[in-house]
Every structure is written in C-alpha cells, then in structure tokens.
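Structure, as structure tokens:
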Amino acid sequence: MLPALILTLAALGLSLTRLLAYRRQLEDMARVLEETPAESNLHLTVNMSGTAPRRLCRAVNRRLEEGRRLRVEALSSERDLKHTMACISHDIRTPLAGAMGYLQLLEGEPDRQGEYLGIVAKRLGELEGLLDELFLYTRLLSEPQPLECGKMAALPPLWEALAEFYPRLEAAGIVPELRFGREDMTVRANPEALGRVYRNLIANALRHGGGGLAVSGRDGALCFSNPLGHGPRPDPDRLFDRFYQGSPARGKGGAGLGLAIVRELMERMGGQASARIADGALEIRLVFSQEA
C-alpha cells in the first residue's frame, strides 16, 4: 500500500506543479499583453511543453497579427481619404473659382458679356466633367461585380467617341492617325464601358499630350499613342493610380481619375490596360479578354 500511496502523492505533486506552471505562464502572457502598446510587433512565446499552451499561444499571436493588419489598413485608408479629399477639394475649387471670378468681372465690364459668359460656361463644364468622373469612380468601387460582356465590334464606339471630341480635336489641330489590321475587328467587351474607355483616353491625350493622337489595333488589342509635351514625364507605373497627375501643379484640369477609370473598366471586362513611354510618346495598350 505504501508504494502505491507514494506514487499517488508523487503524481498529485507533479500535476500540481504543472498546474502552477500553467498559471505562471498564463499570468506572464496576460502581463505582457497588458503592458505592451497596441502598435507593438509583439509575439507571445511559451516556455512549457504540451499541445494546449502552444495552441493557445499560436491563436493569440494570430489575433495580434490580424489586429496589426487591420490597424495598418485603417491608417492607410485614413491617409488615402485625406489625400482624396484634398485632391477633390482642389480640383472642384479651381473651375468654380474661375467661374466666380469671371462673373465678378462681368459686373464691371458688361460690354464683354459674351466672352465672359463663354468662359464661365467652359469652367462649369469642366466642373461637371469632374463630378461625373468622381461619381463613376465611386460607383465602380462600391459595385465590384464584373461587367456583362459579349463579342462586339471594336471600332464603332471609337468612331462615336472621336466624333464627340471632333470640335476639341480640330481646335487643337489634331488629326487622329488610325491604323487597324481589319475594320471589322471584334473584342469581348461591354458597349457602354468600352465607349467610356475610348472617351477617357482621347480626353487624356488632349489634356496632357503634346499634340497628336494615333490609334492602332490588331488581334484583340488596341493602342492609343500621343506625343508627350514639354515638362515632367509621367511615371507609367503610376499612371493608372487615382488622382495621379504627371505634373505636380495639377494645372491641366481633370481629377486624375480618367485613366484609373480606364483600368477599372478594362479589368471589369476581363481585360488589361498598361502604359509605357517609347520614342517620346505615351502608349496606352488595351488587351481584351479572349474568352468566348
């Protein structure tokens, strides 16, 4: 009986020791969690053997990592929001201030009414375009579903877009150069989205180009090319970022969303948009999905 009792007491002592070690380990983990700042890159460790303590430690560390990731995303979103609001404020205020200025001039110079009203109308038109881009981009971000696409003729929407911009192209002295492997080329796209892509690319060439526009296409891909003007060269790797503009002065109008919308629409149609600078010209290439 005595040996059995001794073994029982030894087993109880060992269990009690183990329980006390578990308690000390949990208290140490709690203390570290309480004393460590939330932004710390803390990882808990365990000094005990056994599956349960290590499983608990791994679970706590996963939650800590997730919390850090969420905080980083929240800070990034906050910075993006501040940058977005600053850009929107600047881009909306510029044409609005211009319109208000000419309205004030109109009061003192009624004989130039026609000229000033024309400028006011232009500034308000720019403001309308900015709000349209902001609304569309916001809607695209809030509705992440792919667009309904089908096989369609690639060029008729381009002819419509060029006709829409004809007055501005003519005023800029630009005669588009068009080169296509075949006039009846087709792509898999959404008609409304494809027309918007074309219009945004033409508007970008007019606003930021150095004069000239060439459009070519073959085998499910189109390329818009325009010479670059004097001044800073845009960064092709950032060209499709929202609110990015090659000139830090942001003095050529636009909200810096036109090409971001192009990329978003192309990806929603299963395609891609890319950019490069070659021989002093900006080339924006559209590659459409080949799925049936």
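The values are calculated or read from the model by the stated rules, or taken from the named source; none is laboratory data. Model, not experiment: these values are computed from the prediction. Ideal geometry is used to build each Cβ from the backbone, glycine not excepted, and the neighbour counts take in all protein chains shown.
Once the range 172-202 is narrowed to residues that are at pLDDT 90 or above and among the small types (Gly, Ala, Ser), the residue that is farthest from the chain's Cα centre (by Cα) is Gly173.
Residue-by-condition table, conditions (1) farther than 15 Å from Ala260 by Cβ; (2) in a helix (DSSP H, G or I); (3) in contact with a Lys or Arg (Cβ under 6 Å, 6 or more places away or on another chain):
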position	(1), (2), (3)
Gly114	yes, yes, no
Leu117	yes, yes, no
Ala121	yes, yes, no
Gly125	yes, yes, no
Pro144	no, no, no
Lys151	yes, no, yes
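Can you find a residue that is more than 19 Å from Met266 (Cβ to Cβ) and in a strand (DSSP E or B) anywhere in the range 183-196? Within the range 183-196, none of the residues are more than 19 Å from Met266 (Cβ to Cβ) and in a strand (DSSP E or B).
Would you call Arg268 at pLDDT below 90 and in the same structural domain as Glu192 (by TED's automatic domain parsing)? Break it down into steps so the answer makes sense when it comes.
Values: at pLDDT below 90: no; in the same structural domain as Glu192 (by TED's automatic domain parsing): yes.
Judged against the criteria, Arg268 is not a match.
Every condition in (1) hydrophobic (A, V, I, L, M, F, W, C); (2) farther than 30 Å from Leu130 by Cβ; (3) modelled with pLDDT under 70 holds for Ala86 except the one numbered (2). Scanning the range 255-288 for residues that are assigned to a helix (DSSP H, G or I) and in contact (Cβ under 8 Å) with a residue 24 or more places away in the chain yields Gly258, Leu259, Ala260, Ile261, Val262, Glu264, Leu265, Met266, Arg268.
The C-beta contact set for the range 220-238 (first residue in a strand (DSSP E or B), second residue of a type outside the set (Gly, Ala, Ser) and buried (at least 18 other Cβ atoms within 10 Å of the Cβ), distance under 6 angstrom, 6+ apart or interchain) comprises Leu222/Leu286; Phe224/Leu201; Phe224/Val215; Phe224/Ile284; Asn226/Leu213; Asn226/Leu282; Leu228/Leu282. Mind listing whichever residues of the range 175-200 are under 18 Å from Ile284 (Cβ atoms) and in contact (Cβ under 8 Å) with a residue 40 or more places away in the chain? Once the filter is applied, which keeps residues that are under 18 Å from Ile284 (Cβ atoms) and in contact (Cβ under 8 Å) with a residue 40 or more places away in the chain, the range 175-200 yields Val187, Ala189, Ala193, Leu194, Arg196, Val197, Tyr198, Asn200. Assessment of the range 209-217 against the conditions (in contact with a Pro (Cβ under 6 Å, 6 or more places away or on another chain), surrounded by fewer than 19 Cβ atoms within 10 Å (Cβ to Cβ) and in a loop (DSSP other than H, G, I, E, B)) yields at least one matching residue.
Please verify whether Asp80 is at pLDDT below 70, within 30 Å of Thr138 (Cβ to Cβ), in contact with a helix residue (DSSP H, G or I) (Cβ under 6 Å, 6 or more places away or on another chain) and part of a helix (DSSP H, G or I), treating the condition exactly as stated.
Working: at pLDDT below 70: yes; within 30 Å of Thr138 (Cβ to Cβ): yes; in contact with a helix residue (DSSP H, G or I) (Cβ under 6 Å, 6 or more places away or on another chain): no; part of a helix (DSSP H, G or I): yes.
In short, no.
Candidates in the range 190-208 are the residues that are small (Gly, Ala, Ser) and over 18 Å from Gln290 (Cα atoms); of these, the one that is surrounded by the most Cβ atoms within 10 Å (Cβ to Cβ) is Ala205. Quick check: is even one residue across the range 124-133 exposed (fewer than 13 other Cβ atoms within 10 Å of the Cβ) and farther than 26 Å from Arg242 by Cβ? So far as the range 124-133 goes, no, none of its residues is exposed (fewer than 13 other Cβ atoms within 10 Å of the Cβ) and farther than 26 Å from Arg242 by Cβ. Put simply, of Arg139, Arg182 the only residue that is surrounded by fewer than 11 Cβ atoms within 10 Å (Cβ to Cβ) and among the basic types (Lys, Arg) is Arg139.
Just one of the listed residues (Thr17, Thr51, Thr45, Thr36) is more than 30 Å from Leu127 (Cβ to Cβ), at pLDDT below 70 and not assigned by TED's automatic domain parsing to the domain that holds Leu130, and it is Thr17. Report whether or not Val175 is in the same structural domain as Met269 (by TED's automatic domain parsing) and part of a strand (DSSP E or B). No.
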